[in-house]
Amino acid sequence: MNHRSLQGFTRRELLVSLVLVSLLAVFGWSLTTGCSLPLKKIAKASTTAKTGHDIYTMLSAWASDNNGDFPTARQFSNEAFRELFKARLVDSEKLFAIPGDAWHKNTPSGDGRTFDDEIGSAPDYVQALMPGECAWAYLTGLKVESDPQLPLLANGFTESPGLYTDDASRKGGVFLGEKCAWVTVSGSAKASELSPDFRLREIKDGQKTDVFSKAWGTNPDNIKNPGG
């Protein structure tokens, strides 16, 4: 009886081992063939929104020393965020990275990392947030006292500002559940579901309105995607 029980246990162990080996083989194949899981689909929009709030805190600190104005970005959001490095409010690029985001495809390191943490020297820190090292879009031209419901930050869009996509391999790919992460001028950090046309629509004056449109009060010309 004991011998049979031992044999049965050994067979079960063998079966489990075979399953584990098979799974490891599949995983190894995915690595060698370049096949990988859509990381941004796995990432949580809620976690990213909390990171956005951390960026907001730094932006607010910068604004308090600059007459209530948030930093200016002429072409890319990176330009505004680099001002935080110049003010010594932040010293790492990690805060501006979103794991799995397609905006990180062309980092200077060229090895697939989201950032290299090479920020350059004072006072300009020109190497901070080079193209591919930032995944956050930004609304320039705003002040601390601007409409508190206006968006200030959001994870980067497609090449059309305000528009996302369900393709995680493309810039503007959405999170699991077709959500985006964004932060308002008041500092409210949100993980919101997108409408079927992959735009962020919230209720205003009794109807759903695109948050990144003039109807919401946003100036679309002031939406700045990351450089990359």
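Each reported figure results from applying straightforward, stated rules to the coordinates on display, with no laboratory input. Please read all numbers here as calculations on a predicted model, not as lab measurements. Every residue, glycine as well, gets a Cβ built from its backbone with ideal geometry; the counts of neighbours run over all protein chains shown.
For residue 122 and residue 66, calculate 0.36 nm times their separation in residues minus their Cα-Cα distance, and state this gained length in nm to one decimal.
Stretched out fully, the residue 122 to residue 66 stretch lengthens by 18.2 nm.
Of 44/143; 94/214; 94/179; 171/224, which ones are farther than 25 Å apart at the Cα?
Working: 44/143 29 Å; 94/214 32 Å; 94/179 22 Å; 171/224 14 Å.
Check vs 25 Å cut-off fails for 44/143; 94/214.
If you filter the stretch 74-117 for trypsin sites (Lys or Arg not before Pro), then keep DSSP loop positions with at most 16 other Cβ within 10 Å, what is left?
74, 88, 105, 113
Which of the GluC sites (Glu not before Pro) found in the stretch 88-139 are loop residues per DSSP with 16 or fewer other Cβ atoms within 10 Å of their Cβ?
Values: sites: 93, 118, 133; in loops: 118, 133.
The qualifying sites are 118.
Ranked by Cβ crowding within 10 angstrom, fewest neighbours first, how are 98, 203, 119 ordered? Can you show the working numbers first?
Details: 98 25, 203 8, 119 20.
Least crowded to most crowded, the residues run 203, 119, 98.
Considering just Cα atoms, how many Å³ per residue does the convex hull of the stretch 39-224 enclose? All intermediate terms of the calculation are to be shown ahead of the outcome.
Values: hull volume 18.8 nm³, N = 186.
So the per-residue hull volume is 101 Å³.
As an exercise, use a Förster radius of 35 Å and the Cβ-Cβ distance of residue 88 and residue 169 to find the FRET efficiency, rounded to the nearest 0.05.
0.45
Once you place label points 7 Å from the Cα toward the Cβ at residue 213 and residue 195, how far apart are they in nm?
0.5 nm
Can you give me the distance in nm between label points at residue 113 and residue 204, each placed 7 Å from the Cα along the Cα-to-Cβ direction?
4.1 nm
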